[in-house]
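Accompanying notes for the structure given below.
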Amino acid sequence: QVQLVESGGGLVQAGGSLRLSCAASGRAFSNYAVGWFRQAPGKEREFVAAISRSGGSTDYDDSVQGRFTISRDNAKNTVYLQMNSLKPEDTAVYYCATGSTLIWRIPIKYTYWGQGTQVTVSS
């Protein structure tokens, strides 16, 4: 069992930055890839970014490529999502997820989910 807790969300103006954290407890976190997803009201949950177990490989949705950076510190059991140049369309609840999946972009492939953290970007 893995428990995930997201933090770092908030209200920011367009062009601003936020750093989200995903803290894990339970089974060996470093054994799993981690993904970030987001869900806006009335929309499906969508892939944002993912990182491999070691942190050596990453993947980003085109909509955030070049603006967001995912990283992890396995010693701290934490994954981060640095979000720069934020846009109003980035407004959503952001979730981290993990599990023994090799398919990073599909939400149902993940076993464990956090409760989410709200990010609101004002124009």
> What FRET efficiency comes out for the pair Ile106/Gln13, r = Cβ-Cβ distance, R0 = 25 Å, nearest 0.05?
Replying inline: 0.15
> Per residue, how much accessible area does the chain have with a 1.4 Å probe, in Å²?
Replying inline: 50 Å²
> For all pairs of alpha-carbon atoms in the range 61-123, what percent lies in each bin of width 10 Å, listed from the first bin to the last filled one?
Replying inline: 18, 47, 32, 3
>> Sorted from largest to smallest, which semi-axis lengths in Å does the alpha carbon gyration tensor of the range 1-102 give for its equivalent ellipsoid, taking the root of 5 times each eigenvalue?
In response: 22, 13, 13
>> Between Gln3 and Asn31, what is the label-point separation in nm under the 7 Å Cα-to-beta-carbon projection?
In response: 1.9 nm
> Relative contact order, percent, of the range 47-123 when contacts are C-alpha pairs under 8 Å separated by at least 6 residues?
Replying inline: 26 percent
>> Given a 10 angstrom Cα cut-off, can you work out which residue in Arg38, Arg67, Arg53 is the most mobile in a GNM of the chain?
In response: Arg67
>> What is the percent carbon and sulfur in the accessible area of the range 14-64, measuring with a 1.4 Å probe over the protein chains and ignoring ligands?
In response: 39 percent
>> Less than 21 Å apart at the alpha-carbon level, and either on another chain or at least 8 residues along: which lysines does that give for Lys87?
In response: Lys43
> For Gly66, what charge total do you get from the other residues with a beta carbon under 14 Å from its beta carbon, if Lys and Arg give +1 and Asp and Glu give -1?
Replying inline: -2
> Ile106 accessible area, nearest 10 Å², 1.4 Å probe?
Replying inline: 70 Å²
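The values are calculated or read from the model by the stated rules, or taken from the named source; none is laboratory data. Bear in mind that the values here come from a model prediction, so they are computed numbers and not experimental data. Glycine gets a Cβ as well: all are built from the backbone with ideal geometry, and neighbour counts include every protein chain shown. These area figures cover heavy atoms from the full protein model, side chains too; ligands, DNA and RNA do not enter into them. Shrake-Rupley method; radii C 1.70, N 1.55, O 1.52, S 1.80 Å.
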